[in-house]
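Derivation of every value follows stated rules applied to the coordinates shown; laboratory data play no part. From a predicted model like this one, the values you see are computed outputs, not experimental measurements. With ideal geometry, Cβ positions are generated from the backbone for all residues, glycine too; neighbour counts draw on all protein chains shown.
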Amino acid sequence: MSTQAKKPRRPTAPRRIYQLHVKLAYLEPTVWRRLWVPDTLTLEKLHRVIQLVMGWRNAHLHEFSFGERRYSLPNPMWPSMDEDTQDERLFDLATVLSEDTTGFVYTYDFGDDWQHLIKVEARLEPDEKNRRPLCLDGANACPPDDVGGVPGYAGFLQAIRDPSHPEHLEMWEWHGGPFDPAAFDPNAVNAALHKLRP
């Protein structure tokens, strides 16, 4: 995969809006978001949207998987990963989502292995309300970056909720204060999305 990507010219006006349901695998209660995104969005921009709506810090590698097809950003530190992976900057949703595509996977942080199961819930006509990425709904806070995946997050929650836990103070200081696993503010998410360049 070449690091010198030449971005093809794409239509600026969307022809279709996708309603996507994004949820973190293997967590209960489920951390999920529902989005509207235009078909003109590149996978690189979709990555940024997912980071914002979920609450990640964009501090790790990621990858999109559509069956056997994989997309990511070129990384000179991991050339072997590039052999079977296409440059996500070159593909928009109109290109990668066929009419029969019902879902795909976005993986963030290969160490913690956060798998986001993304379901295509609807294909909508564009109008003045849905031409830009928008978070419609969601539930529960995203785990902190570098918490150690699903088992690490379970241990983190146990420690930070219980002041008598031997690791309570350590987790509090590591996170920088309290953590509410049920917190989710769609207004704050959409304010952040509004600042993204189209």
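Between Ser98 and Leu157, how high is the FRET efficiency from 1/(1 + (r/R0)^6) when r is the Cβ-Cβ distance and R₀ = 41 Å? Nearest 0.05.
0.60
What net charge do the residues around Asp145 carry, taking every other residue with its C-beta under 12 Å from that of Asp145, with Lys and Arg at +1 and Asp and Glu at -1?
Numbers: positive: Arg57; negative: Asp109, Asp112, Asp146.
Taking every Cβ under 12 Å from that of Asp145, the sum is -2.
Compute the length gained on full extension between Asn75 and Ala25: take 0.36 nm times their separation in residues and subtract their Cα-Cα distance, giving the result in nm to one decimal.
15.4 nm
Lysine pairs in the chain with alpha-carbon atoms under 23 Å apart, 8 or more places apart or on different chains: how many are there?
Final tally of qualifying lysine pairs is 10.
When the helices in the chain are scored as -39500 (n - 2.57) per DSSP H run of 4 or longer and the sum is shared across all residues, what 222 nm value do you end up with, to the nearest 500 deg cm²/dmol?
Helix-only estimate at 222 nm: -7000 deg cm²/dmol.
Please identify, among Trp174, Trp32, Trp114, the residue showing maximal mean-square fluctuation in a Gaussian network model of the chain using a 10 angstrom Cα cutoff.
Trp174
For the chain, what's the relative contact order in percent, using C-alpha pairs closer than 8 Å and at least 6 residues apart?
27
Between Leu117 and Leu169, what is the spin-label point distance in nm, taking each point 7 Å from the Cα along the Cα→C-beta axis?
4.1
From the backbone phi of the range 24-35, what are the Karplus-calculated ³J(HN,Hα) couplings (6.51 cos²θ - 1.76 cosθ + 1.60, θ = phi - 60°) in whole Hz, Gly and Pro given as x?
7, 6, 6, 10, 9, x, 5, 9, 8, 9, 10, 10
Have a look at Ile17, Ile118, Ile160 and tell me which one the Gaussian network model of the chain (Cα, springs below 10 Å) gives the largest fluctuation.
Ile160
Between Leu61 and Asp146, how high is the FRET efficiency from 1/(1 + (r/R0)^6) when r is the Cβ-Cβ distance and R₀ = 22 Å? Nearest 0.05.
0.95
Which of Asp92, Asp162, Asp39 moves most in a GNM of the chain, Cα contacts under 10 Å?
Looking only at Asp92, Asp162, Asp39, the biggest GNM fluctuation is shown by Asp162.
Residues of the range 160-198 with backbone nitrogen within less than 19 Å of a virtual label 7 Å along the Cα-to-Cβ line of Glu128, please, listed as ranges.
194
Counting other Cβ atoms within 10 Å, which GluC sites (Glu not before Pro) in the range 17-73 have at most 12 and lie in a DSSP loop?
Here the sparse-neighbourhood loop sites are Glu68.
Give me a comma-separated list of calculated 3J(HN,Hα) values for the range 181-188, in order, Karplus coefficients 6.51, -1.76, 1.60 applied at θ = phi - 60°, integers in Hz, x for any Gly or Pro.
Calculated HN-Hα couplings, in order: x, 9, 6, 6, 10, x, 5, 5 Hz.
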